[in-house]
Structure formats: C-alpha cells, structure tokens
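Laboratory data are not the source of any read-out in this text; all were calculated from the coordinates shown. In this text the structure is predicted, and so the values were computed from the model without any measurement. With ideal geometry, Cβ positions are generated from the backbone for all residues, glycine too; neighbour counts draw on all protein chains shown.
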Amino acid sequence: MANCNNQNVNHNHINTEQAQAVVIMVPFPAQGHLNQLLQLSCLISSYGIPVHYVSSAIHNRQVIVRTNGLNPMEIAKLHFHDFPIPDFDSPPPKPDLMNKFPEHQQPAWDATLSLRQPVAEYLQNISLKAKRIVVIHDLLMSVVVQDVASIPNAESYVFTSISAYFHATFFGEYLGKPFPIEQPKNVPSFEGCLSEGILNFLALQDEPVKYRAGDIFNTCRAIEGPFIDLIEREDAAENRKLWAIGPILPSKSLSANSQHKCLEWLDKQARHSVIYVSFGTTTSLSG
Ligand SMILES: *[C@@H]1O[C@H](CO)[C@@H](O)[C@H](O)[C@H]1NC(C)=O
C-alpha cells in the first residue's frame with residue numbers, strides 16, 4: 001500500500017481554490033486517534049488531494065510533536081487548522097483506581113464539543129471553494145461534524161481507530177444486540193473498562209453518527225475478516241459503504257537504517273519469544 005514515505009505520485013501544487021475534492025480530518029483528541037488520522041492524512045495527501053486537519057491548537061501541536069515514522073515533508077503538505085476550545089482541567093492520571101480508564105482526559109474531550117461551531121463555519125467556507133468535501137472523522141467527533149448534513153457538496157465518513165473486533169463486539173453489547181458470530185474464546189468482558197464520562201460522551205454521538213455515508217477501518221480482511229464482514233452487512237443494510245484500508249503503518253519505521261531503540265532491542269530477541277501488547281488510550285499505567 002502507498003504511504004507517506006514511499007510513493008510515486010505527482011505532487012504538483014493543488015490549492016483549495018481549484019480543488020475537485022478536499023478532505024477534512026476531524027480527529028478525537030487522544031493520541032492513538034490523533035496519530036492514526038495523521039497517518040491517513042499523509043496517505044491521502046500522497047495522492048495529491050488537499051487534506052485539512054482540524055483540531056484545537058494544543059492537540060494539533062501534540063500530534064505533530066509526537067509523530068513517529070512519518071516524513072516531515074509529507075506532514076508539511078497538510079493544512080492544520082487550530083480552532084478555539086475553552087480552557088480545560090488537566091489533572092494527573094490516577095493509576096491506582098480499580099478502573100484504569102484515563103478519566104483525567106475527559107475535560108479535554110468535553111472541551112472539544114465546542115468545535116462544532118467553528119467546524120460548521122469552516123465547512124460552509126470551504127464548500128464554496130471546493131467541488132466536493134469529504135469529512136473523515138472519529139466516531140467520537142460525530143457531534144462536532146454534524147452540520148455536514150446541511151452542506152450539499154459534503155459527505156462524511158467515520159474512521160475507526162479501534163479494531164473491527166472491538167468495534168463489532170463492543171457496539172453489539174452497547175446496543176444490546178446478540179452477537180451473531182463465534183467470538184474468540186477467553187476474552188474478558190468490557191464490563192468496567194470504560195468510564196461513565198466516556199459512555200455519556202459516546203451517547204451524545206448516537207444520533208449524529210447516523211449522518212455518515214460510510215465507515216473506514218484501519219484493519220484488513222486477512223486479520224479481521226469475519227468482523228469486517230459483519231459490520232459491512234450492517235452498513236449495507238443502511239446503505240453505507242465500508243472500507244478496510246489498514247494497517248496504514250508508515251513504512252519508514254519498518255525499513256529505515258536508524259531504528260528506534262525498541263526495535264533494536266526487539267531484533268535481539270529469539271524468534272517467536274515476544275508478545276506485542278498495545279495498551280492504547282484506555283488504560284493508566286502505574287509507575
Ligand atoms: C469563514 O470565512 C469568513 C469570511 O472569509 C472568515 O472571516 C472566517 O474566519 C472563516 N471561518 C473559518 C472557521 O474558517
């Protein structure tokens with residue numbers, strides 16, 4: 001798959017004024033979500049399509065400072081827009097609680113709800129300049145992008161930062177639906193994994209998420225076929241499209257000569273002796 005560091009497409013200047021299509025990314029401000037949409041931004045931009053990355057100043061700064069494996073020249077081609085959000089509390093994590101969910105980030109997430117107004121105004125502005133607007137947003141930003149529904153030349157797609165497995169099983173449970181396919185054995189339940197704050201935040205998205213035209217998953221059929229098929233059937237019943245485009249990992253970190261010290265360490269281990277566990281956004285680790 002093409003990626004930010006290795007592509008042979010033409011990068012002639014395309015500005016928004018003449019653009020046929022522009023892509024607007026609206027990420028959820030947690031690192032694992034910000035970073036995946038940045039990777040997708042670089043991938044789309046490598047095809048010569050203008051990409052606008054829309055968040056608060058602090059979260060745009062965060063995603064740029066913490067990039068990993070992306071080429072800075074590719075990032076420089078993206079258009080970052082800093083929109084205002086109210087000040088928010090930033091308490092330290094509380095890793096000693098029973099529930100490891102990083103609740104301390106909830107004030108930042110709540111603050112981003114106020115992005116709705118500037119995002120709506122921005123979409124209005126750009127809808128006069130571009131032929132077609134494609135909004136790609138986190139499911140948790142459905143409230144923020146909901147005004148896309150009133151713009152005739154715009155459509156929106158949800159980009160899912162979690163696995164198709166987690167998406168299918170969690171939303172099955174969340175919506176109280178019986179799960180129709182065999183699940184992996186011995187996987188613990190989600191009970192108690194999330195906070196009340198994030199469940200309330202999720203509930204806000206229930207209505208506006210229905211405006212999306214389709215779903216994009218950062219996974220592939222070789223890894224998660226049965227779960228992708230399940231979600232695709234549900235999407236098709238609602239006239240929505242689904243793409244499994246992942247994994248959209250930048251290849252530089254996989255092939256570069258100078259490797260991160262974690263990869264150097266990994267290369268020294270015996271074959272099949274290491275298990276990779278990603279804790280993602282949803283836990284707080286004690287020191
Ligand atoms: C929309 O366009 C108006 C007029 O050009 C400008 O003043 C405003 O800042 C723009 N808003 C956004 C959010 O881009």
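Extension gain, K241-K94: 0.36 nm per intervening residue step, less the Cα-Cα distance, totals 48.9 nm.
Applying the Karplus relation 6.51 cos²θ - 1.76 cosθ + 1.60 with θ = phi - 60° to segment 145-159 yields 3J(HN,Hα) values of 9, 4, 6, 4, 5, 9, 10, x, 9, 10, 9, 10, 10, 8, 9 Hz, where x marks Gly and Pro.
Lys-Lys pairs in the chain that are eight or more residues apart or on separate chains and whose Cα atoms lie under 18 Å of each other come to 4.
Taken one residue at a time, the phi angles of segment 48-55 give Karplus couplings (6.51, -1.76, 1.60, θ = phi - 60°) of x, 8, x, 10, 10, 10, 10, 7 Hz. Gly and Pro are set to x. Treating the Cα atoms of segment 39-152 as identical point scatterers in vacuum, please give the log10 of the normalised Debye intensity I(q)/I(0) at q = 0.09, 0.10, 0.15, 0.21 Å⁻¹, two decimals. Summing over Cα pairs of segment 39-152 leads to -0.30, -0.37, -0.79, -1.28. Here the 3J(HN,Hα) profile of segment 123-130, calculated from phi with Karplus coefficients 6.51, -1.76 and 1.60 at θ = phi - 60°, is 4, 4, 4, 6, 5, 7, 9, 9 Hz, Gly and Pro shown as x. Between the exposed loop cleavage positions of the chain, defined as GluC sites (Glu not before Pro) in a non-H, G, I, E, B DSSP state with at most 11 neighbouring beta-carbon atoms within 10 angstrom, the longest gap is 1-181.
If eta is 1.306 mPa s and T is 10 °C, what Stokes-Einstein diffusion coefficient results for segment 22-255, Kirkwood Rh from Cα pairs, in µm²/s? Write down the numbers at each step before the final one.
Working: Rh = 18.7 Å.
For these conditions, the coefficient is 85 µm²/s.
Stretching A149 away from E234 to a fully extended chain increases their span by 28.5 nm, per 0.36 nm per residue minus the current alpha-carbon distance.
Between F170 and I275, the distance separating the two model label sites (each 7 Å from Cα on the Cα→Cβ line) works out to 2.1 nm.
How large is the helix-only mean residue ellipticity at 222 nm for the chain, computed as the sum of -39500 (n - 2.57) over DSSP H runs with n ≥ 4, divided by its residue count, in deg cm²/dmol to the nearest 500?
-9500 deg cm²/dmol, from helical runs alone.
Amide hydrogen proximity for A154: with H placed 1.01 Å from N in the peptide plane, the residues at 5 or more positions away or on another chain lying under 5 Å are I133. Here's how it looks for T219: its modeled amide H is under 5 Å from those of I245, G246, which are all 5 or more places away or on a different chain. Name the long-range amide H neighbours of I136: under 5 Å, sequence gap of 5 or more, or other chain; modelled H, no Pro or chain starts. For I136, the qualifying residues are I24, M25, V26, Y157. Taking the number of Cβ atoms within 10 Å of each Cβ as an exposure proxy, the fewest-first ranking of T283, T112, T160 is T283, T160, T112.
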